[in-house]
């Protein structure tokens with residue numbers, strides 16, 4: 001069998017007992033990495049560490065699979081509604097989800113699409129600290145669409161969403177005073 005050292009150097013073709021002894025001398029395991037090759041390829045490595053690294057890669061790959069969350073605006077959206085929707089969008093981006101912003105025109109609002117584009121460009125600029133648009137806002141039918149992709153975790157700067165401290169939603173226990181402490 002062909003044997004590869006822990007550093008990745010080829011040690012050549014060795015017989016099985018010699019390869020096993022070499023691995024044991026280093027305090028490592030002999031792992032068959034390509035059994036179908038001729039001759040079979042084995043590597044001297046810490047098998048436990050290898051399994052751990054592989055599981056870490058696979059679990060991380062699952063975590064990055066993002067969902068698309070959609071937020072709908074209207075051309076004549078009120079200021080507080082606008083910021084509420086942006087807060088939700090920022091929260092979705094914070095969790096690593098893509099966000100699709102959609103502005104829906106109703107009735108005669110189609111005559112003034114520039115109002116809708118102003119709302120969308122403002123929303124994109126407000127969310128610039130958390131995500132970046134995949135493309136410029138586009139008018140498709142009666143809607144304006146833009147997709148935002150979250151920035152890498154270390155570059156995200158929340159503007160609207162404030163992280164709640166643990167236990168912030170619970171009432172704080174009242175401190176006991178000397179009058180209430182011994183009244184039982």
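Each 5 Å bin from 0 upward holds the following percent of the Cα-Cα pairs of the range 65-155: 3, 15, 28, 24, 17, 8, 4, 1, 0. Sort out for me the Cα centre separation of the range 64-105 from the range 2-57, rounded to whole Å. Result: 50 Å between the Cα centres. Segment residue 160..residue 49, full-extension length gain: 35.8 nm, with 0.36 nm per residue of separation and the alpha-carbon distance subtracted. In the range 1-128, what percentage of the DSSP-assigned beta bridges are antiparallel, given to the nearest 5? Percentage antiparallel, nearest 5: 45. Packing here is the average count of other Cβ atoms within 10 Å per residue, and on that basis the peptides 140-147, 78-85, highest first, run 140-147, 78-85.
Taking the average, over residues, of other Cβ atoms within 10 Å as the packing measure, peptides 20-27, 126-133 rank 126-133, 20-27 from highest down.
The slack in the chain from residue 95 to residue 76, taken as 0.36 nm per residue of separation less the alpha-carbon distance, amounts to 4.0 nm.
Where both residues lie in the range 2-51, what percent of DSSP beta bridges are antiparallel, nearest 5?
Antiparallel bridges make up about 75 percent of those DSSP assigns within the range 2-51.
Length gained on full extension, residue 57 to residue 26, computed as 0.36 nm times the residue gap minus the Cα-Cα distance: 8.6 nm.
On the basis of the beta-carbon distance and an R0 of 35 Å, residue 149 and residue 111 show a calculated FRET efficiency of 0.65.
Every read-out reported here was derived from the displayed coordinates using simple, explicitly stated rules and does not represent laboratory data. What you are looking at is a predicted structure, and each value in this text was computed from that prediction instead of being measured. So basically every Cβ, Gly included, is an ideal-geometry build from the backbone, and we count neighbours across all protein chains shown.
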